[in-house]
Each structure stands twice: as structure tokens, then as C-alpha cells.
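**Student:** Pasting in a structure now, in C-alpha cells, and then I'll have a few things to ask.
We did not get these values from a lab; they are worked out from the coordinates using the rules stated. Remember, predicted model here, so these are calculated numbers, not experimental data. Cβ placement follows ideal geometry from the backbone for every residue including glycine, while neighbour counts extend to all protein chains displayed.
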Amino acid sequence: MILQPVLHPILLALLCAVPAFFVIRALVRSPRRGLWALRLGMIVVVFAMLLRPGIPGGTSQTLATDTDVVIVVDTTASIVAEDWAGDRPRIEGVRADVQAIVDEYPGARFALISFDAAAQLRMPLTTDATALMSSLDVMRPEVTDQSRGSSIGIANRMLADTLSAAAKASPDRARMVFYLGDGEQTAPREPESFASSAKYVDGGAVLGYGTAEGGPMKKTTGAGAAAGGYIEYQGAPAMSVIDENNLRQVSEQLGIEYLHRTADAGIELPEAPSSTTDYAASGEVGNVIELYWIAALVLIVLLAVEVALATMSIVRLRGLSTPAPREKGATA
């Protein structure tokens with residue numbers, strides 16, 4: 001038998017001791033001892049239920065993979081350019097594709113790097129995919145007024161360091177990289193190369209967002225989109241256009257495939273490296289078969305008996321309070 005109490009057992013005992021004291025006192029003094037014994041039984045059953053008894057022996061299948069997935073996301077102003085699915089911001093497609101990546105490689109460890117004027121490790125390697133998506137949900141583009149141009153390769157050093165550290169810590173694990181951006185190089189220099197990361201990469205893809213026609217970009221503040229409208233250039237809305245040549249260059253440096261993403265096409269992700277362990281090989285871990293539901297059923301039965309007894313008492317009292325009908329001819 002295993003106990004998994006909802007609170008510390010001593011605290012549970014103290015909470016149940018107070019009503020039990022009054023019930024026991026009434027049980028000793030009252031002539032209706034059966035009713036009070038029933039109520040004392042309810043307290044005991046509730047105490048047993050809150051202890052959450054169980055027995056070992058249940059099993060649940062788990063998934064463990066030997067893959068680290070590093071996701072590199074563009075957070076420059078162009079990531080909110082409105083040419084995804086018509087006039088939606090590109091970042092909506094980014095979020096949807098990252099969710100697809102998480103679903104495709106369950107049990108893997110994920111890391112998140114963002115880049116605009118500088119690269120930032122937003123989340124180190126972890127198996128908590130929920131934390132990854134939460135971090136992505138709150139991710140905002142760089143502040144428009146602080147933008148001074150950005151390079152699509154600014155994250156090269158951080159990516160290489162992240163992959164290198166992962167390779168040293170777990171040399172037997174495979175590593176995948178997914179780079180998500182539009183390829184626009186707005187810094188006045190050649191983009192940095194990702195070639196130094198290639199030796200650590202076993203798979204992944206460069207995912208490109210945007211259209212040749214481009215999309216307008218809303219101004220952003222530290223809190224998100226500003227009320228001031230769209231970024232302008234020479235009196236007209238500035239248009240962000242995808243640069244697929246730059247994105248293909250990144251994919252060649254990393255040794256992975258380039259995919260242009262559109263809202264009307266499903267994403268085709270590469271297979272996980274051969275070192276990944278699937279569900280069948282992951283084994284099983286011990287679990288606990290919960291038994292608190294048995295106490296809950298007993299409590300329901302006791303409550304039903306209590307309600308039935310209370311109903312019978314009410315009916316009896318009503319019968320006693322109803323005056324007997326007078327016989328004919330009786331005088332007042």
C-alpha cells in the first residue's frame with residue numbers, strides 16, 4: 001500500500017479531528033447513536049480518501065529520444081510582416097511550424113535561440129515542450145525605434161556554442177537544427193557563416209517565410225504592436241520581402257534542407273536521426289494504481305443513507321403536525 005496524501009498526514013489528521021471530536025461527543029450523549037456513528041464513518045472515509053491510497057503495479061509507457069533540437073527564430077521587425085495566409089503576420093506561421101516540430105519529435109530536448117540585432121538563448125535544452133511554446137507565445141519583435149539593421153547570421157556563434165556544449169555533455173545524442181526566418185539582411189555587411197556548426201548537425205531544415213511581393217510591418221514597442229500604424233519608407237509603408245538566396249546559403253552552411261513555407265502547404269519535416277529511440281524501445285516506468293475512488297464510493301453510499309434518514313424524519317414530523325380530522329356531529 002502506498003499513500004500520496006493531498007496534504008501532510010498530520011495536517012489532515014488535525015483537520016478531521018475537530019469535527020470528529022464533536023461527532024464522538026454527540027455519539028456518547030445522544031440516544032440516536034446509529035445516526036452519529038454514520039456521520040463519524042463519513043469523517044473516517046473522507047480522511048482515508050484524502051490520504052490517496054494506492055498500490056504499486058500500474059505501468060505507463062514513456063518516450064525517450066536521443067535527439068537535441070535547437071530552434072533558431074528570426075525576431076526582427078520583418079517577422080511580423082503581413083503576408084502569411086494573406087495578410088497575417090509571419091510569426092503566426094513560425095509558431096505553428098514550431099508546434100509541428102515539437103509534435104514530430106516527441107520526447108526530444110529543445111532549445112530556443114532568437115536573433116535580431118543580437119542573438120539570445122531564450123531557453124536552454126529541456127524536455128519541457130510546453131515551456132518552449134510558452135516562450136514562443138510571448139516572443140515579440142525588436143522595438144522599431146531601436147532597430148539599426150540586423151544580420152541573418154548573427155546567431156552563428158551562439159548556435160555553435162549551444163551545439164558544441166550539447167555534443168560534449170552527451171556525445172551519443174543526435175542534434176537537429178531548425179532555422180526559421182525570411183532571409184532579409186539589413187545590416188551593412190555580409191552575413192556571418194554557420195559553417196562552424198555543421199559538424200554538430202545531424203538533421204533539420206531552414207524554413208523560409210514571406211513572399212516576393214512582400215508585406216507591410218507594424219511598428220512595435222516593448223509591449224508589442226504600437227498604435228502608430230505601419231513602418232514607413234519614403235512616405236509609403238515599408239515592405240519586407242523574403243530573400244530565398246540567403247536562406248539557401250544558410251541551409252548549405254548547415255548541411256540541411258531549405259523549405260519555403262506557405263500557409264496552404266503542410267510542413268514536411270525530415271525524419272529523426274537513427275539514434276532516436278521510439279515508443280516501443282523506451283520501456284515502461286512504475287506507476288501507482290489509485291484506490292481513493294473506493295473511499296469516494298463508500299462516502300456516496302453513506303451520504304445517501306443520511307439523506308434517506310433525513311427525508312424519513314421530515315415525513316414523520318409532518319405527519320405528527322397534521323391535525324386529526326373531526327368526526328361528524330362533534331361539538332367544539
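**Student:** ³J(HN,Hα) across region 251-264 via Karplus (A = 6.51, B = -1.76, C = 1.60, θ = phi - 60°), whole Hz, x for Gly/Pro?
**Tutor:** Couplings: 5, 5, 5, 8, x, 10, 7, 9, 10, 7, 9, 9, 5, 8 Hz.
**Student:** Something else now. Using amide H atoms built in the peptide plane, which far-off residues or other-chain residues are under 5 Å from V69 H to H?
**Tutor:** Sorted by chain and number, the residues that satisfy this are R109, F110, A111, M176.
**Student:** Pick from P188, P19, P53: which residue has the top mean-square fluctuation in a GNM of the chain where Cα pairs under 10 Å get a spring?
**Tutor:** In the Gaussian network model the winner is P19.
**Student:** Would you calculate, for the chain, the mean residue ellipticity at 222 nm contributed by helices, counting each DSSP H stretch of 4 or more residues as -39,500 (n - 2.57) and dividing by all residues, to the nearest 500? Kindly include the intermediate steps, with their values, before the conclusion.
**Tutor:** On the way: 7 runs with 118 residues, N = 332.
Roughly -12000 deg cm²/dmol at 222 nm, from the helical runs in the chain.
**Student:** Let me ask something else. Size of the dipole of the chain about the Cα centre, Lys and Arg at +1 and Asp and Glu at -1 on the beta carbon, nothing else charged, in debye to 20? Before the final figure, lay out the partial values.
**Tutor:** Values: 27 positive and 36 negative charges, 701 e Å.
Dipole size: approximately 3360 debye.
**Student:** Which value, in debye to the nearest 20, describes the size of the charge dipole of region 67-260 about its Cα centre when Lys and Arg Cβ atoms bear +1, Asp and Glu Cβ atoms bear -1, and nothing else is charged? Please list the in-between numbers first.
**Tutor:** Details: 16 positive and 27 negative charges, 117 e Å.
That gives region 67-260 a dipole magnitude of about 560 debye.
**Student:** Additional query: Taking every pair of distinct Cα atoms and averaging 1/r, then inverting, what Kirkwood hydrodynamic radius in Å comes out for the chain?
**Tutor:** Details: mean 1/r = 0.0394 Å⁻¹.
When all Cα pairs of the chain are included, the Kirkwood radius is 25.4 Å.
**Student:** Relative contact order for the chain: what is it in percent, counting Cα pairs under 8 Å that are at least 6 residues apart? The partial results should precede the final answer.
**Tutor:** Details: 585 pairs, mean separation 79.4, N = 332.
Relative contact order, the chain: 24 percent.
**Student:** Any chance you could give the angle, 0 to 90 degrees and rounded to 10, that helix 9-29 forms with the longest Cα principal axis of the chain?
**Tutor:** 20
**Student:** While we're here: For region 308-314, what does the Karplus curve 6.51 cos²θ - 1.76 cosθ + 1.60, with θ = phi - 60°, yield as ³J(HN,Hα) per residue in whole Hz, taken in order and with x for Gly and Pro?
**Tutor:** Here the 3J(HN,Hα) series is 5, 5, 5, 5, 4, 5, 5 Hz.
**Student:** OK, next. Would you list S240, S164, S313 from fewest to most Cβ contacts within 10 Å?
**Tutor:** Numbers: S240 25, S164 15, S313 12.
By the 10 Å Cβ count, ascending, the order reads S313, S164, S240.
**Student:** Here's a follow-up. Just to be sure I follow the definition: excluding the sites themselves, where is the longest run in the chain that has none of the GluC sites (Glu not before Pro) in a DSSP loop with at most 12 other Cβ atoms within 10 Å? It would help to have the intermediate numbers written out before the result.
**Tutor:** Numbers: sites that count: E213, E268, E271, E327.
Between the exposed loop sites, the longest stretch runs 1-212.
**Student:** Which listed residue (S164, A131, L207) has the Cα farthest towards the positive end of the charge dipole for region 67-260, taking +1 on Lys and Arg C-beta and -1 on Asp and Glu C-beta about the Cα centre?
**Tutor:** S164
**Student:** Using alpha-carbon positions, what is the distance between the centroids of region 98-171 and region 292-312, in Å?
**Tutor:** So the two Cα centres are separated by 55 Å.
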